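Next up is a structure, given as structure tokens.
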Amino acid sequence: MGFGLCMCIRVNQKISESEMKRALGQLKRKLPGQVQTDLAARELASMDNLRISILPDAVIKVQKAEDVGVVLKLANKYRIPVTARGAGSSATGSAVPVCSGWVLDVSLLKTIELNQYSKIVSVGPGVLTDVLQTKMARYGLFYPPDPSSKKYSTIGGNIACNAGGMHCVKYGVTRDYVLGLEGYLANGAFVEWGLPLKKFVSGLNLRDLWIGSEGTLGVVTKAHLKLIPLPEKRWMGMFAFKNEKSALACVSRLLKAGILPSMCEFLDRQSVDCAERLTGRSIFEGTSSVSLLIIELDGSADQIRKQKKLLLEITQKTVLDFVEAKTEEASETILKVRRLCSQAMYSIADTKLNEDVVVPIERQHDLIRYTLELKKEIGLATPTFGHAGDGNLHVHIMYNRSSANERKRAKKGIVKLMKYVVSLGGSITGEHGIGLAKVPFMELQHSKEAIEAMRSVKNALDPKGILNPGKIFHPFEVWDYETVDKKMPWDH
Ligand SMILES: Cc1cc2nc3c(=O)[nH]c(=O)nc-3n(C[C@H](O)[C@H](O)[C@H](O)COP(=O)(O)OP(=O)(O)OC[C@H]3O[C@@H](n4cnc5c(N)ncnc54)[C@H](O)[C@@H]3O)c2cc1C
């Protein structure tokens, strides 16, 4: 058992069974029909994409924002752990109710109000990212943050994780679009951090503390989001290179030349090999086992034409082959290659440690070289792909969870990887956050003083430690936990 659960004992120490029951009884009376205690509902809310499952005592599906305040007031009074939940697609276990208690499901809070003058949209936390993007596109407006999970993930979850995605290279991450937040503190008090205004600098900026805080500082019930004009046109190309060095050198060159792609995705040969083995076909006919770049340009037809010309000049010396997509459908076909590579990795082993490290753009090839050294050293595959325009690469370590020996080697690999990333001046996470999975590496990234300052903020905003306890600060060895073999909505 990880130390995380010891911490939960501290949170729960004042709760007796009878108090737990009394609190639940009061909750059911205050929010009739919204509290679920049946096993099926508790199981559904027990895990996220990390697939470690810990049953909560109850799941509350709130129907309006004020209900969040009702839940938190009671939970705070009785010191009951509360884990906010959107779609449960978190990659780090941040949505797992590791200390049991109550799961506060906000996925039904789905209002969308657009102000067409200011181009600010105010949304409930349960709105799906993709639904918001599609609705705003009808007004010629663009909400760019686009985690690959966007068809499933919620805006609340995106804010709590400060989610990134493929368009970040040009448009930035979730934080860059959040103008204001409404929500509830741990004690159930309603707060507003900013308003639906383009400018607001009054008081301390607690909005930015909440963004990326993984539900440990408060619960978001409304977000005021900035929109930008929808790009007029898009163009996409997929380029094959002999190896990773050649592909990543091309990324450095095109960024240095001033090309600002709206997407710049990289796939190493291990990832491509998985897909090619699975389908029995080469992605580019006649050249198998290549490293790939998927590059999208957007803007006016003229901007795209100029950038594309420069891009093709830069790539022509080293590219083996390329295809271009002139329509949305053709772009989708290219993007399917990336998705296929991700899924095909499961043909190597049944479990992946999916890291989302960031290194300086010009050091990405050093990282790839290191993943290949690790592969040899630990004897496990290390397929890597990701957002090369941001230096944010998803390094996977593939292992079979039934093998204690493979688990041990995976752990060794991940610890070494994280140390190497930090030594390059990089980050242990660029978009998934800490949750449970990255806890062992917090001290690699941050000084003791910095972590102490973070704890002080947590203690000030949540003195009883009820909000998403057991996360970020409390030692947890993800490898010691069994994962559940369950098909999730995003598994294809
Ligand atoms: C296939 C797949 C692809 C992915 N691709 C990406 C990617 O490209 N980029 C990326 O950044 N992430 C990616 N992710 C990770 C994940 O989808 C994101 O972290 C997403 O933001 C989580 O949203 P969610 O609604 O599922 O939140 P959940 O998983 O439900 O919750 C995540 C965290 O947010 C907290 N939370 C949820 N709602 C609230 C709220 N209203 N107030 C306060 N806290 C709240 C939870 O307590 C938890 O700590 C991917 C995941 C999958 C499964």
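Take each of the peptides 71-81, 55-65, average the number of other beta-carbon atoms within 10 Å over its residues, and list them starting from the highest.
Values: 71-81: 22.0, 55-65: 20.4.
Ranking, from highest mean packing down: 71-81, 55-65.
Place the peptides 249-257, 353-361 in order of packing, highest mean first, counting for every residue the other Cβ atoms within 10 Å and averaging per peptide.
On the way: 249-257: 17.3, 353-361: 20.9.
For the peptides 249-257, 353-361, the packing ranking is 353-361, 249-257.
A further question follows. What residues from the range 72-95 fall in the zone where the backbone N is under 16 Å from a label point 7 Å along the Cα-to-C-beta line of Ser16?
Under cut-off, by backbone N: 78-79.
Further question on the same structure: Quick check: convex hull over the Cα atoms of the range 232-347, volume per residue in Å³, rounded to an integer?
90
Hey, what did the chain get for relative contact order, percent, Cα under 8 Å, at least 6 apart?
Answer for the chain is 17 percent.
Right, another one. For a test of the definition: using alpha carbon positions, the gyration tensor, and the 1.5 limit on a/c, classify the range 1-153 as rounded, prolate or oblate. Walk me through the intermediate numbers first.
On the way: a/c = 2.64, a/b = 1.71, b/c = 1.54.
Since a/c reaches 1.5 and a/b is larger than b/c, the shape of the range 1-153 is classed as prolate.
Based on the Cβ-Cβ distance of Glu362 and Glu66, what FRET efficiency does E = 1/(1 + (r/R0)^6) give at R0 = 56 Å, to the nearest 0.05?
Details: r = 50 Å, r/R0 = 0.90.
About 0.65, to the nearest 0.05.
Quick check: Cα centre of the range 81-111 to Cα centre of the range 474-492, how many Å?
Distance between centres, Cα-based: 15 Å.
Let me ask something else. Just how far, in whole angstrom, is the range 380-450 from the range 59-77 if you go by their alpha carbon centroids?
One Cα centre to the other: 35 Å.
What fraction of the DSSP beta bridges in the chain is antiparallel, stated in percent and rounded to the nearest 5?
Values: 60 of 70 bridges.
Beta bridges within the chain, antiparallel portion: roughly 85 percent.
Which order, highest average first, do 319-327, 460-468, 106-114 follow once you tally other Cβ atoms within 10 Å for each residue and take the mean per peptide? Don't jump to the answer; show the numbers that get you there.
Working: 319-327: 15.0, 460-468: 20.2, 106-114: 17.7.
Descending packing order for the listed peptides: 460-468, 106-114, 319-327.
Scan the range 145-192 for trypsin sites (Lys or Arg not before Pro) in coil per DSSP, keeping those whose Cβ has at most 16 other Cβ atoms within 10 Å, and list them by number. Numbers along the way, then the final one.
Details: sites: Lys150, Lys151, Lys170, Arg175; in loops: Lys150, Lys151.
Taking the range 145-192 and a limit of 16 other Cβ atoms within 10 Å, the loop trypsin sites (Lys or Arg not before Pro) found are Lys151.
Suppose every Lys and Arg Cβ carries +1 and every Asp and Glu Cβ carries -1, with no other charges. What dipole size does the chain come out with about its Cα centre, to the nearest 20 debye? Provide the component values of the computation, followed by the final result.
Numbers: 67 positive and 52 negative charges, 110 e Å.
Approximately 540 debye in magnitude.
Mean shadow of the chain, computed from the convex hull of its alpha carbons, in nm²? Can you show the working numbers first?
On the way: hull surface 91.2 nm².
If I average the Cα hull's projected area over directions, I get 22.8 nm².
For the range 138-209, count all C-alpha to C-alpha pairs, find those more than 17 Å apart, and express that count as a whole percent of the total. Show your work: numbers first, answer last.
Numbers: 1327 of 2556 pairs.
Percent of Cα pairs beyond 17 Å in the range 138-209: 52.
Sticking with this one: Answer with one residue from Asn392, Gly430, Leu278: the one whose Cα lies farthest towards the positive end of the charge dipole of the chain, charges on Cβ with Lys, Arg +1 and Asp, Glu -1.
Farthest along the dipole direction, towards plus: Gly430.
Read the figures in this text as sums done on the coordinates, not as results from a lab. Note that this is a predicted model, so its numbers are computed, not measured. Cβ coordinates were reconstructed from backbone atoms using ideal geometry, including for glycine residues, and neighbour counts include every protein chain displayed.
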